[in-house]
């Protein structure tokens, strides 16, 4: 009896330790990032860092302005989602509601494989196919905002598809049956009942996809063109925050290195804000759905 | 890879095994730096390890700038560099010239041009000339492919080509595709119409294989003979660098001596770089 109790205590302690470990990891990464990055603002005003597009870290009088990369990250992510969300939603709905068993199994395993492909392979595919196609269709060099967004859209698809499907399946059966019983067609049921009910789950999926898009480095590095200037348009070259860090990381020193950590801080704050905003939005939709049901 | 293989074959036939020459050396060593010197350093390490069975050397191709930083910080005991060392670096670091290299401007096959002047080359890479029309070519935009700032080639090209007209401070056009390696420049120039880039002479072949071409500069062709004769306008020295002078009896010194030996210079040659002139 005594032994069992102490074993249980031990197991509990171990679990607590693991839980603390992951929390500590987040904490330490945050502290480390800010500790290494913040000293930059003693030499470079924050406003100049955030709102200047002049990035010349190795010049005689170095300039650290990352606006181009903030814009780059923003454009690339927005455009990638604009491509991926409609397609991902459609595939998710199809898998959850319309596909026959055989077809849905085949599609699902294809999507799973898509999720498992390493990003460097997406990059190679982007160089070989996507940049060539966008060059032929839209002109420019092919190493562009557009190419990077398309590659990212393909990479974020699996997340959006999976989460959409799962949240559609999680909608209580009574709702669907009730809708059908009231005479709605299957299609009306999907877009009037199922999708709105699963909304919060779907939004969560989109946010996960957005996180992947903002954080992705290798694939965009290979097709983005990587010029340290703001994108001149869809076919213009783009460098994102992550690309900027990886391009200079291997050799940067002193203030230049610090500026890369500061770039990391901006990325970190970006993603944090994104998560918070979405969590707030989710809470609101959930409570409004619940309130609606109560009324 | 092909270069490494041919280096291996050349060695197998032409070199007498010298096992035991440095029998007292042993241990594991990490060198690193310039990606330009990597092909002959890899091949040389392979042979050097055969001659000194107790020695394990790895070489990390991280770029000249990164290599020199790591050397100064003590992470490497030897660094490869394709860039001239700054006065500041020369205070603690000692470079030894081990090979010569030429830089070759390469263009996509869509560019109908076979010769360019050094001044025009500088004008393109600083963004003063942006259309092939201005050089007598077709009316199409010039797509500049440049290296990242850590690259020794990036600095060397500025010093040799642009510095005279545009000053000491590097001021390449920023409207350029940035590639992280010689091989990436070759791949991007080969696949992007209207593009121009520069690579180590050994990499020009990659572009030519893919249908692109190398340019003559001021009417001179990029051949090894022209580099040795100092006629090729864009040539440079490649270095192995140590912190302080190489110490007699150390692996670093033995390795540098090995590359400077006839055997080592044969490896340099078989990997398409240019051996030091004998004298």
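Restricting the calculation to Cα atoms, every distinct pair contributes to the Kirkwood radius of chain A, found to be 21.9 Å.
Descending by average beta-carbon neighbour count within 10 Å, the peptides A:70-82, A:220-232 line up as A:220-232, A:70-82, the highest first.
Model label sites at residue A:275 and residue A:253, defined 7 Å from Cα along the beta-carbon direction, differ in position by 3.5 nm. Placing dummy labels 7 Å off each Cα toward the beta-carbon, the span from residue A:136 to residue B:86 is 4.6 nm. With R₀ fixed at 45 Å, the C-beta to C-beta distance from residue A:24 to residue A:187 puts the FRET efficiency at about 0.35. In the calculated pair-distance distribution of region B:187-279, the portion above 24 angstrom amounts to 38 percent of the Cα-Cα pairs. On full extension, the segment bounded by residue B:141 and residue B:26 gains 35.8 nm, given 0.36 nm per residue less the C-alpha separation.
Taking each DSSP H run with n ≥ 4 as -39500 (n - 2.57) and averaging over every residue of chain B yields -10000 deg cm²/dmol at 222 nm.
Sort A:4, A:135 by Cβ crowding within 10 Å, fewest neighbours at the top.
On the way: A:4 8, A:135 20.
Result, fewest neighbours first: A:4, A:135.
Here r is the Cβ-Cβ distance between residue B:112 and residue B:168 and R0 is 25 Å; the resulting FRET efficiency, rounded to 0.05, is 0.15. With the simple spin-label model, which puts each label point 7 Å out from Cα in the Cβ direction, the residue B:46 to residue B:250 separation comes to 2.7 nm.
Past the 32 angstrom mark, what percentage of all C-alpha to C-alpha distances in chain B do you count? Value for chain B (Cα pairs over 32 Å): 25 percent. Within region B:148-184, find all residues whose amide N lies under 13 Å from a label point positioned 7 Å from the Cα of residue B:119 along Cα-to-beta-carbon. Within reach of a label on residue B:119: B:164-166. Under 10 Å, Cα contacts only: if you run a Gaussian network model on chain A, which one of A:165, A:48, A:174 comes out with the highest mean-square fluctuation? Largest GNM mean-square fluctuation: A:174.
Average the reciprocal distances over every distinct pair of alpha-carbons in region A:1-76, invert the result, and give the Kirkwood radius in Å. Before the final figure, lay out each step's value.
Details: mean 1/r = 0.0610 Å⁻¹.
Hydrodynamic radius (Kirkwood, Cα only) of region A:1-76 equals 16.4 Å.
Averaging over all projection directions, find the projected area of the Cα convex hull of region A:2-42 and quote it in nm² with one decimal place. Averaging across all directions leaves 2.9 nm² for the Cα convex hull.
Coordinate-derived values only; no laboratory data. Fair warning: this is a prediction, and the values are worked out from it, not measured in the lab. Methodologically, a virtual Cβ is constructed for each residue, glycine included, from the backbone with ideal geometry; neighbour enumeration extends over all protein chains shown.
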